[in-house]
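See below for the structure under consideration.
What follows draws every value from the coordinates through simple rules; no lab data is involved. Bear in mind the structure is a predicted one, so any value in this text is a computation, not a measurement. Neighbour counts are summed over all protein chains in view; Cβ atoms, including those assigned to glycine, are modelled from backbone coordinates with ideal geometry.
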Amino acid sequence: MTPFEKYLRERREALQGPDASPEVWDNIVEAMSTKSAASLRVSYRKWLTVAASLLLLIVAGWYWQSQPPLSTQVPTALLAYPDFEDQNFAELLDVQLAQIKASAVPAEYQNDLQQLLDQVAYLDTTYATQVKQLETRYSEDVAKQVLRYYQTKVALLTKIIREIDKINRYDNAKAKPSKRVPLKL
């Protein structure tokens, strides 16, 4: 036994001090029981909050997935616009987007074409604000802007498809064609 342990054993009673009265112990037990009930309420509230958040996320995800893609929706107010009736923008866009999704390009050209596709995504964001304006209140000016959106998007996708074809023809003409990667749309 070390001298320190011997010192502690000899002076054990002096170090411990007097025992607490029964009233003090009763107060401690009562405080602990009320504290645990309060912590159960807090724990219940935390679980309820987490469950409500998860439910909100699930409903938001379901709503988001149930919406048709923005780029091919035609606002009904726009169908009354005279220049719009003769053109099948939605069908044409669907065909073009499917053609781009199905294509693959050499890896070294992927970034360049991806920048063009990012411009298409930017067009979609401006289109969303125009559609909100059109749904709120029909305006000839907004209808013209939406019509220009469709014309611009069709023209841009046509150019992208032509570029993909040119790149792939050029790559196929080489002695050893490059590895092809799909485009992200």
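Considering only LEU93, VAL105, LEU147, the residue lying farthest towards the positive end of the dipole of the range 86-161 is LEU147, judged by Cα position with unit charges set on Cβ.
For the range 105-183, trypsin sites (Lys or Arg not before Pro) are listed when DSSP marks them as loop and at most 11 other Cβ atoms sit within 10 Å of their Cβ; the list is ARG137, LYS174, LYS179. Cβ crowding within 10 Å ranks THR49, THR126 as THR49, THR126, fewest other Cβ atoms first.
Pairs from the table (LYS101/LYS144; LYS132/LYS184; LYS153/LYS184; LYS101/LYS159; LYS132/LYS153) lying more than 23 angstrom apart at Cα are LYS101/LYS144; LYS132/LYS184. Residues THR125, THR158, ranked from the fewest to the most other C-beta atoms within 10 Å, line up as THR125, THR158. For TRP47 and ASN27, the FRET efficiency from 1/(1 + (r/R0)^6), where r spans their Cβ atoms and R0 equals 25 Å, is about 0.20. Partners of LYS46 within straight-line reach, counting lysines whose Cα lies under 24 Å from its Cα and excluding those fewer than 8 residues away in the same chain: LYS35. Subtracting the Cα-Cα distance of ASN111 and MET1 from 0.36 nm times their residue separation leaves 32.0 nm of extension gain.
Ordering ASP124, ASP19 by the number of other Cβ atoms within 10 Å of each residue's own Cβ, fewest first, gives ASP19, ASP124.
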